[in-house]
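Everything below concerns the one structure shown next.
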Amino acid sequence: MLFTLFRGPCGPGTAAAVRRSLVELGALAGVSVAVAEDLALVLTEMVNNAVSAGAGAIHVALTEPPPHLQVHVTDDADGVPVLGDAATDDTHGRGLAIIQAIAAKWGYTTGTASKTVWARFPD
C-alpha cells in the first residue's frame with residue numbers, strides 16, 4: 001500500500017512537513033520508534049537533497065510491507081544522486097552516505113521530467 005506523506009512545492013520547510021506527516025502515519029501504522037527515527041532521518045536527507053538540487057515540486061511516499069517498507073521521493077530537479085566523499089570540514093555532501101548507512105538498499109529511477117530516489121528498510 002502506498003501512502004503519500006507530502007505532495008506540493010519544494011522548499012526550506014518541506015522536510016519538516018514530511019517529518020510531521022511521518023510521525024502521524026507512523027503512529028497509525030504501528031511503526032516502531034527506532035524505524036520511525038531512521039525513516040525521518042533518511043527522508044530529511046532525501047528532501048534536503050531535492051531542495052538543494054532546485055526542485056520546484058516534490059512527492060514523498062511510503063510503501064509498507066509486503067514485501068518491504070520503502071520511502072520514495074520524486075522531484076522535478078535536474079540531475080541524479082551521486083554518492084560523494086565529503087571531507088571532514090565540509091558542511092554538505094554526506095546525505096547519501098547517511099542514507100546508505102541506514103537503509104538496507106537505496107537507488108533511483110528517472111522519468112522524462114522527474115526522478116525518484118528510494119530507500120528500503122529491513123523487514
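Where a number appears in this text, it was derived from the coordinates with a stated rule and is not lab data. A quick note: this is a predicted structure, and the numbers were derived from the prediction, not measured. FYI the Cβ positions are ideal-geometry reconstructions off the backbone, even for glycines, and counts take in every protein chain you see.
Taking the beta-carbon count within 10 Å as an exposure proxy, list Glu45, Glu37 from fewest neighbours to most.
Exposure proxy ranking, most exposed first: Glu37, Glu45.
Please report the net charge: other residues with Cβ closer than 15 Å to the Cβ of Val117, K and R +1, D and E -1.
-1
Tell me the label-point distance for the pair Asp89, Ala17, using the 7 Å Cα-to-Cβ offset, in nm and rounded to one decimal.
In this crude spin-label approximation the distance works out to 3.8 nm.
So what's the back-of-envelope 222 nm ellipticity for the chain, counting only DSSP H runs of four-plus at -39500 (n - 2.57) apiece and dividing by all residues, rounded to 500?
-11500 deg cm²/dmol
For a quick check: sort Thr63, Thr109, Thr74 by the number of other beta carbons within 10 angstrom, fewest at the front.
Thr109, Thr63, Thr74
Taking every alpha carbon pair in the range 32-80, what does the distance histogram look like in 5 angstrom bins from 0, in percent?
For the range 32-80, the binned pair fractions read 5, 20, 27, 21, 14, 9, 4 percent.
With r defined as the distance between the Cβ atoms of Leu2 and Val82 and R0 fixed at 22 Å, what FRET efficiency is calculated, to the nearest 0.05?
E(calc), rounded to 0.05, equals 0.25.
What ³J(HN,Hα) values, in whole Hz, does the Karplus curve 6.51 cos²θ - 1.76 cosθ + 1.60 give for the range 47-57 when θ = phi - 60°, with x put for Gly and Pro?
5, 4, 5, 5, 4, 4, 7, x, 4, x, 9
Give me P(r) over the range 58-123, computed from all C-alpha to C-alpha distances, binned every 10 Å, as integer percentages.
Computed distribution, short to long bins: 20, 45, 30, 5, 0.
Provide the per-residue ³J(HN,Hα) series for the range 32-40, in order, calculated from phi with Karplus coefficients 6.51, -1.76, 1.60 and θ = phi - 60°, each as a whole number of Hz, with x at glycine and proline positions.
3J(HN,Hα) across the range 32-40, in whole Hz: 5, 4, 4, 5, 4, 5, 4, 4, 4.
Using Cβ counts within 10 Å as a stand-in for footprinting exposure, how do His68, His59 rank, fewest first?
Ordered from fewest to most neighbouring Cβ atoms within 10 Å, His68, His59 come out as His68, His59.
Mind pulling up the Rg/Rh value for the chain? Radius of gyration and Kirkwood radius, both on Cα.
Taking Rg over the Kirkwood Rh, I get 0.94.
Residues with beta-carbon under 9 Å from that of Cys10, excluding Cys10: net charge, scoring Lys, Arg +1 and Asp, Glu -1?
-2
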